[in-house]
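Reviewing the structure listed below.
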Amino acid sequence: PCAFGSRERMFTTLQTSLRLLAGICECYVTLIADNRPTLPAHLVNVSKLSHALLGLYRQHGTSFMPAQTYRNSQVLCQSIYWSVATCILFKVPYYFHILDAGDKLETFHCIERRKSNSGANFDYLQKQDRCGAAMTVGQLYAKHPNWKPPERHLNASEEAGHDDAQNPARFLHVRGSSPPTRDMSRIAVSGVSLRNCYMRGREEATKLLE
């Protein structure tokens, strides 16, 4: 006999819900913290997150998360696949997460970091203040385009050097190695199959939702 007695069904449902919540959180943490061994693994995780959120939304609507958060998550997942597909189409050998953003988003974050003594780190309350200030500045730039400074793009060339703060290849350096080595499997587009990664993520999401 079950130790929970008449409450067995309730605890079983709770256990299933916690397992699903843990799986969703794991996908988000892996995505945000960029904790991936290879680019295909990154794409599989993105597909898993997208399909899991789709299943939850179709079954429970907005009771799990607000509609705007769901939409933003799906747009993020779509943009990652779009960026990798663009790299494959135009024969760009490496994919960096900065490719997921356009000039408008880069400019918005640049304005945010310039506020409050150009500090790079800030909490959620400061984030709210900076977003408001950035939107105000954006409205001014829209009315007066000649006030807007030119965009500064990150330099991904080898000539930028390993220690250049603007070189996105810096995050590839393996810590503790001397001289610094780089794990190119995290960004190499060669041999990546978007369809296979997409379907593998779908299968993992199906198992998570069972």
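All of the numbers you see were taken from the coordinates with simple rules; none came from a lab. Everything numeric in this text was worked out from a predicted model, so none of it was measured. Quick reminder, even Gly has a Cβ in these numbers, built from the backbone with ideal geometry, and neighbours come from all protein chains shown.
The packing ranking of peptides 55-68, 126-139, highest mean first, is 126-139, 55-68, where packing means the average number of other beta carbon atoms within 10 angstrom of each residue.
Grab the Cα-Cα distance for N146 and R7, subtract it from 0.36 nm times how many residues apart they are, and report the gain in nm with one decimal. Write out the running numbers ahead of the final one.
On the way: separation 139, 0.36 × 139 = 50.04 nm, distance 6.76 nm.
In short, 43.3 nm is gained.
Count Lys and Arg as plus one, Asp and Glu as minus one, and take only other residues whose Cβ is under 13 Å from that of T16; the net charge is then +1. Note on T206 and D123: the model spin-label points, each 7 Å out from Cα along the C-beta direction, lie 4.6 nm apart.
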